[in-house]
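Peer 1: Sharing a structure with you now.
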Amino acid sequence: MQTPLHAAGSPLCIASGDIEIRHLSMFHAVAQSGSFTRAAQRLHITQPALSRCIAQLERRLGVRLLDRTTHGVQLTPSGIEFLPYCRNALLSFSEAVTSVRGDATLRVGFTWSAALELTPLIIREFERLHPGVEVEPRKCDDSYAGLIDGRTHIAFLRGGRGHPALESTILFEERRVAALHPTHPLADRHSLSLDDIKSDPLVVNTVSGVTTPDLWPDSEGSRATVRTHNLEEWLEAIALGRGIGVTAESTSRLYVHPGIKYIRLIDAQTIPVVVAWPSARPHPLAKSFVQTSIRLAESRQADRHF
């Protein structure tokens, strides 16, 4: 059995001083592209040179990271473990270079609609307060919008789920709406209760959704569900009549669909929209971005959309 890369006395701990940025960059390129040929083209080097660099990295680590197959390249268990550390190291190095050069980038993650109409206001105000800093919005289809694996520095998230590695603060609350096919028997109603739609199959976005059968405490696990993996699949499943959905009110404004009718829910819990950041080693500008977000959210509290 291979030694875990992070274990005390592991090859990584022993040989890390011999590992260079070029080793990490080339491994990351191969892992991302799934091919030595495509990675070499992307890096503008020859394939033999790339292969030698990867082999050197594996020797210095003392583990095999990649397996060549007839279909391309696959990560070994050690390669899978090493990849997120490699990605974070490359991101940190890039940030260090841009910082000493006098510029900086703050990557702000979101899963689908960020902080709604507040988002451009927050970003413009933050960049006004911090000349030379560029805010880079990044859409990430995962529960924490890229915060956990380091793709983003700060993120707008929906729902009450927390993570031990993150801190967060609520910006505002959103009401929920039901999403139905226009031919559904209830589609002509102006409002609905949770009880009205408790028997329909529930379409659930398992990655970044905000509603599960738990919204109906008495369902006791018997609720039929249709599982989807992103907002686009969720919309299409409802448009096909596979079931009903429950989502934030803003979805009805931002994602108008001819095959979906949105109807207000009168008794559903609201959905918190939060700004979140890593507890350990947050980006130096994270606190300022949070303060800007809170200030603008409070200033728009009376707006009926928020």
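The values are calculated or read from the model by the stated rules, or taken from the named source; none is laboratory data. Remember, predicted model here, so these are calculated numbers, not experimental data. Virtual Cβ from ideal backbone geometry, glycine too; neighbours counted across all protein chains shown. For accessibility, only protein heavy atoms count, side chains too; no ligands or nucleic acids. Shrake-Rupley method; radii C 1.70, N 1.55, O 1.52, S 1.80 Å.
Peer 1: Conditions: (1) surrounded by fewer than 17 Cβ atoms within 10 Å (Cβ to Cβ); (2) within 22 Å of residue 148 (Cα to Cα); (3) in contact with a Phe, Trp or Tyr (Cβ under 7 Å, 6 or more places away or on another chain). Residue 32 meets all but one. Number of the miss?
Peer 2: Tallying (1) surrounded by fewer than 17 Cβ atoms within 10 Å (Cβ to Cβ); (2) within 22 Å of residue 148 (Cα to Cα); (3) in contact with a Phe, Trp or Tyr (Cβ under 7 Å, 6 or more places away or on another chain), residue 32 fails exactly one: (3).
Peer 1: Do the conditions hold for residue 223, that is, is it among the charged types (D, E, K, R), under 19 Å from the mean Cα position of the chain (by Cα) and open to solvent by less than 40 Å² (accessible area, probe 1.4 Å)?
Peer 2: No; evaluated as a whole, the condition is false for this residue.
Peer 1: Out of region 130-151, which residues are under 10 Å from residue 108 (Cβ atoms) and in a loop (DSSP other than H, G, I, E, B)?
Peer 2: 145, 146
Peer 1: Kindly provide the set of residues from region 123-149 that are of a type outside the set (A, V, I, L, M), under 10 Å from the mean Cα position of the chain (by Cα) and at positive phi, ordered by number.
Peer 2: Applying the first criterion (of a type outside the set (A, V, I, L, M)) to region 123-149 yields 124-128, 130-132, 134, 136-144, 146, 149.
Those still in the list that are under 10 Å from the mean Cα position of the chain (by Cα) too: 138-144, 146, 149.
Once the filter is applied, which keeps residues that are of a type outside the set (A, V, I, L, M), under 10 Å from the mean Cα position of the chain (by Cα) and at positive phi, region 123-149 yields only 146.
Peer 1: Let me spell it out: the conditions are (1) modelled with pLDDT of 90 or more; (2) under 27 Å from residue 278 (Cβ atoms); (3) not in a helix (DSSP H, G or I), and residue 28 meets all of them except one. Which number is the exception?
Peer 2: Unmet condition: (3).
Peer 1: Here's a follow-up. Which of the residues that make up region 231-248 are assigned to a loop (DSSP other than H, G, I, E, B) and touching a Gly at 6+ places or on another chain (Cβ under 9 Å)?
Peer 2: Selection gives 240, 241.
Peer 1: Sticking with this structure for a sec: Applying the selection to region 163-210, what residues are closer than 30 Å to residue 295 by Cβ and among the β-branched types (Val, Ile, Thr)?
Peer 2: 169, 170, 177, 210
Peer 1: Separate question: Check whether at least one residue in region 207-227 is aromatic (Phe, Trp, Tyr), assigned to a helix (DSSP H, G or I) and closer than 22 Å to residue 143 by Cα, and report yes or no.
Peer 2: no
Peer 1: If you check 275, 204, which single one turns out to be closer than 30 Å to residue 131 by Cα, at pLDDT 90 or above and surrounded by 14 or more Cβ atoms within 10 Å (Cβ to Cβ)?
Peer 2: 275
Peer 1: I'd like to verify a number: residues in region 254-305 that are part of a loop (DSSP other than H, G, I, E, B), at negative phi and either out of contact with any His (no Cβ under 9 Å at 6 or more places or on another chain) or not aliphatic (A, V, I, L, M) (or both), how many?
Peer 2: So the answer is 21.
Peer 1: Next question, about the same structure. I'd like to check something: does region 227-247 contain any residue that is more than 21 Å from residue 207 (Cβ to Cβ), surrounded by 15 or more Cβ atoms within 10 Å (Cβ to Cβ) and hydrophobic (A, V, I, L, M, F, W, C)?
Peer 2: Scanning region 227-247, I find no residue that is more than 21 Å from residue 207 (Cβ to Cβ), surrounded by 15 or more Cβ atoms within 10 Å (Cβ to Cβ) and hydrophobic (A, V, I, L, M, F, W, C), so the answer is no.
Peer 1: Can you give me the number of residues within region 160-203 that are of a type in the set (Gly, Ala, Ser) and under 30 Å from residue 277 (Cβ atoms)?
Peer 2: Adding up the residues that qualify gives 4.
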